[in-house]
DNA sequence: AGCGTACCCTTACACCGTAAGCCTGTCAAG
DNA sequence: CTTGACAGGCTTACGGTGTAAGGGTACGCT
């Protein structure tokens, strides 16, 4: 006696019919709570009440799933608006990207290892490039500027996430690090650790961002 | 009849006795030619003429191996000298780090996911922080400046490596991309693709780097 | 001579991604 | 109503992964 696969009529189907979107949502949730290595085809199937192989009817690869959830994260970042002035527009979207990447700590690594940008990423790229061009930068400078800005966003976030402390626990761990590293061998790092112990915020995404934006503004052709 | 495990006396031993260093060297080679996913305990053992489990006598984990080879890469980067002026010193070491990461394309991702810096990394951190402090920056600014500089180094390199083209093949692939992306949907990206097709170098590590250094110089207390 | 021990091997387990093929409920065409 | 195609799920299997547990052996020391 096979258990009824779907109710014969309008009775609520025992499970929703599975779809690319449902798979990606579940994968995103898995990644958020357990990191990328927590999303495996088997576990994903389990969460969805389905066997692992069933996923392959809706998705080519595990790679495709990673592509998908990476783009879901990209879809969360605020696309720069062409209506604001270029600087605040780009600044806001960079900050928004930083926040999105922090919300999904696994996403940086995944995005960086992806070859083909998804639609959300393309939309973002298009908009940023558009705003920069609109600001009067020539094409070559736009390319360089974009690389610099995005490098800071990704690089900063990933270092930040790799750091062994989050904002809340900074002083504790910093003290521990200071002890390990102590004085003699690394005096300069010890000074940094001391600073961190004082509770001063060490992580300032906007510092580097503004350095870059200031520099770009200075390069911008008048008009 | 077990094959002679080691020659009874001075006859050249059939294999060197295995050691952490030998393991790391082999792992580094493996990673360089096949990426991180090419370094597995079994394959590593095979390369060293040894069974996988034997590695665990010299190394705690696979993680420890990754820690090790990551630090080997860090050891390749030029530590900033306190004798040069701060700017050229920091600049040179950033460029050197960029080159080291390019030589070992897998290293960026590995380094970013590592929690505890190895000795080479510590040496590098200590030196950079030292030079920045020597340049007159106060501690808080040193922390921010360092984060910004390192973010650019890592972020840029990783984007660069994720890009589907290297310098040589740029025009070809860019053309292909331009076709895929074509005009209507992403006019700005199309313009970028066109630029890339013209053969103009798109990747300029030093552009963003100098933006940051210029900004820092301006922030630097006089004297 | 005998012992400790450093080193390597064997076996085994739980997990991974996915190729190949089967089974069955649904639905449109005849 | 019958029939056939087919979509969407399941089963099984293969070759890979990291590593826990324990077995054996050859060397250096006393």
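The values are calculated or read from the model by the stated rules, or taken from the named source; none is laboratory data. Computed from a prediction, not measured in an experiment: that's the story for all the values here. Cβ placement follows ideal geometry from the backbone for every residue including glycine, while neighbour counts extend to all protein chains displayed.
Filtering the stretch A:124-133 for residues that are within 12 Å of chain B (Cβ to nearest Cβ), surrounded by fewer than 16 Cβ atoms within 10 Å (Cβ to Cβ) and out of contact with any helix residue (DSSP H, G or I) (no Cβ under 6 Å at 6 or more places or on another chain) leaves an empty set. Taken as a whole, the structure places residue B:100 among residues that are part of a helix (DSSP H, G or I), more than 15 Å from DNA strand D (Cβ to nearest atom) and closer than 16 Å to residue B:28 by Cα. The numbered conditions (1) within 14 Å of another protein chain (Cβ to nearest Cβ); (2) without any contact (Cβ under 8 Å) to a residue 12 or more places away in the chain; (3) more than 17 Å from residue B:149 (Cα to Cα) are all true for residue B:84 except (1). None of B:66, B:28 is within 22 Å of the chain's Cα centre (by Cα), more than 16 Å from DNA strand C (Cβ to nearest atom) and within 14 Å of chain A (Cβ to nearest Cβ) except B:66.
How many of the residues making up the stretch B:111-123 are within 10 Å of chain A (Cβ to nearest Cβ) and in a helix (DSSP H, G or I)?
Result for the stretch B:111-123: 5.
Might you let me know whether the stretch A:32-45 holds any residue that is surrounded by 15 or more Cβ atoms within 10 Å (Cβ to Cβ), modelled with pLDDT of 95 or more and under 15 Å from the mean Cα position of the chain (by Cα)? So far as the stretch A:32-45 goes, yes, one or more of its residues are surrounded by 15 or more Cβ atoms within 10 Å (Cβ to Cβ), modelled with pLDDT of 95 or more and under 15 Å from the mean Cα position of the chain (by Cα).
The residues of the stretch A:55-88 that are surrounded by fewer than 15 Cβ atoms within 10 Å (Cβ to Cβ), within 15 Å of DNA strand D (Cβ to nearest atom) and in a helix (DSSP H, G or I), listed by number, are A:56, A:57.
Of the residues making up the stretch A:183-202, those that are surrounded by 18 or more Cβ atoms within 10 Å (Cβ to Cβ) and more than 7 Å from every other protein chain (Cβ to nearest Cβ) number 3.
Do the conditions hold for residue B:77, that is, is it more than 16 Å from DNA strand C (Cβ to nearest atom), within 24 Å of the chain's Cα centre (by Cα) and modelled with pLDDT of 90 or more? When the stated conditions are applied, residue B:77 passes them. The single residue among B:100, B:148 that is in contact (Cβ under 8 Å) with a residue 24 or more places away in the chain and buried (at least 22 other Cβ atoms within 10 Å of the Cβ) turns out to be B:148.
Considering only the stretch A:26-40, state which residues are within 16 Å of DNA strand D (Cβ to nearest atom) and in contact (Cβ under 8 Å) with a residue 24 or more places away in the chain.
If the condition is that a residue be within 16 Å of DNA strand D (Cβ to nearest atom) and in contact (Cβ under 8 Å) with a residue 24 or more places away in the chain, then A:27, A:35, A:36, A:39 are the ones that fit.
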